[in-house]
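Undergrad: I am attaching a structure below and will ask some questions about it afterwards.
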Amino acid sequence: MIIVMSLDSTDMQVNDVVSRLEMEKISYNIEKVGLRTLILLAVNKDRIDEVFLANYPGVESLASSWASLPIIGKNYLEYREYSLKKFNLKEEKPIIIAGPCAVESRDQVFDIAKHIHDKISLFRGGAYKPRTSPYSFQGMGIDALKYLKEVKEEFSVPVVSEVMSQKQLEEAYDYLDVIQIGARNMQNFELLKEVGTQDKAVILKRGLSATIEEWLNAAEYIATRGNENIILCERGIRTFSKDTRNTLDLSSVPIVKSRTHLPVIVDPSHATGYWNLVEPMALAAIAAGADGLMIEVHNAPDKALSDGDQSLKLERFNEIITKVKKLYQLMTTF
Ligand code: PEP
Ligand code: MN
């Protein structure tokens, strides 16, 4: 068993717990992981008065083992409901994130935002693009971030974009409300530690070939640095199937929700690669219990500099979101 001390627990509170363990003749080890103090106990749980321990000042939760993800896991004796306010988002579910794959110009993001801003929780747009070919459009960098900030100010909608390095995180920090870690960087542990140290919410996409355990451990890396405001995003995984860009693993949604208290959203755009598959998979994701969606939209998909094939036209996006919201409401009345 692991006793997880809260981020602001004091040495005295740790000592109080330890004195109690010594009194009970329970052996222990104290570990510092990031900003956390964890007390590892070498006993099975029926020897421990759990409720009593959990009520010690400074104790945040009790976890059953390392494999159970002490910080982001659904620990017993404790259930945390996530708060969208802490994520810099308005308290409205489902979480709808939409915008172009890449910011291509000021006009482009303004045109898209004008049509969708009142239907979304967060506007997305890539500034630094992780492209397979070094000759493909790599994103507009700092100019894109400036346009995103202007969108935020004009339409009162928070904005998110991906960063791929510590340098980009520093460059982008002031422009963004939420930071995205893309599939290709899910196990970039140094970057995970960096986003864990800053105070903005993080969207962590599932790696191209990552198991659920690897994905959740990546989120735990962020959380050990103090930032627990993490949204997990399922975006499909690599399989032998050639009919879609990736294979959408919808079963990850209920699995992840049973193991953590973090919100889980689904990106049907990157998961399928085709705009006509976005609606059925978006609805399926909501039916599977997803807390929200990330969808790529474009004002002229056939002219998009990246991911045009999977980008929805603006009118179609609005129609789909109406259905998504109705289905979400129905799901929460069951
Ligand atoms: C994106 O959302 O812009 C993106 C590149 O997605 P992924 O990291 O899931 O491939
Ligand atoms: Mn894209």
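No value in this document is a laboratory result; all are computed from the given coordinates. Please read these numbers as outputs of a predicted model, since none were measured by experiment. Note that each Cβ is placed from the backbone with ideal geometry, even for glycine, and that neighbours are counted across all protein chains shown.
Undergrad: What angle do you read, to the nearest 10 degrees and between 0 and 90, between the alpha-carbon axis of helix 142-155 and the longest principal axis of the chain?
TA: The angle comes out near 90 degrees.
Undergrad: Distance between the C-alpha centers of the stretch 225-239 and the stretch 1-57? Whole Å please.
TA: The distance from the Cα centre of the stretch 225-239 to that of the stretch 1-57 comes to 29 Å.
Undergrad: At 7 Å along the Cα-to-beta-carbon direction for both Thr10 and Asp107, put a label point, then send me their distance in nm to one decimal.
TA: Rounded to a tenth, the inter-label distance reads 6.2 nm.
Undergrad: Continuing with the same structure: Which of the residue pairs Lys242/Lys303; Lys90/Lys114; Lys114/Lys149; Lys119/Lys326; Lys129/Lys205 have a Cα-Cα distance greater than 21 Å in the structure shown?
TA: In this structure, Lys242/Lys303 lie more than 21 Å apart at Cα.
Undergrad: Taking 30 Å as R0, compute the FRET efficiency from the Cβ-Cβ separation of Glu315 and Thr247 and round it to 0.05.
TA: So the FRET efficiency works out to roughly 0.55.
Undergrad: While we're here: Could you work out [θ]222 nm for the chain from helices alone, using -39500 (n - 2.57) per DSSP H run of at least four and dividing by all its residues? Round to the nearest 500 deg cm²/dmol.
TA: -10500 deg cm²/dmol
Undergrad: Output the peptides 22-30, 209-217, 96-104, 174-182 sorted from most to least packed, where packing is the average of other Cβ atoms within 10 Å over each peptide's residues.
TA: 96-104, 174-182, 209-217, 22-30
Undergrad: While we're looking at this one, here's another question. Which value, to two decimals, describes the C-alpha radius of gyration of the chain once divided by 2.2 N^0.38 Å?
TA: So the Cα radius of gyration is 1.06 times the expected 2.2 N^0.38 Å.
Undergrad: Same structure, new question: How much length is gained if the chain between Leu330 and Phe137 is pulled fully straight, taking 0.36 nm per residue apart and subtracting their Cα-Cα distance, in nm to one decimal?
TA: 65.4 nm
Undergrad: For Glu22 and Glu91, FRET efficiency with R0 = 45 Å and r from the beta-carbon atoms, rounded to 0.05?
TA: Once rounded, the FRET efficiency stands at 0.50.
Undergrad: Kindly state, as a whole number, the per residue volume in cubic angstrom of the convex hull around the alpha carbon atoms of the stretch 247-303.
TA: Per-residue hull volume (Cα only) is 76 Å³.
Undergrad: Dipole of the stretch 84-331, Cα-centred, from +1 at each Lys and Arg C-beta and -1 at each Asp and Glu C-beta, to the nearest 20 debye?
TA: Using Cβ point charges on Lys, Arg, Asp and Glu, the stretch 84-331 gives about 360 debye.
Undergrad: Of the listed pairs Lys167/Lys257; Lys146/Lys200; Lys86/Lys193, which have alpha-carbon separations greater than 28 Å here?
TA: Lys167/Lys257
Undergrad: When only C-alpha pairs under 8 Å and at least 6 residues apart count, what is the relative contact order of the chain, in percent?
TA: 15
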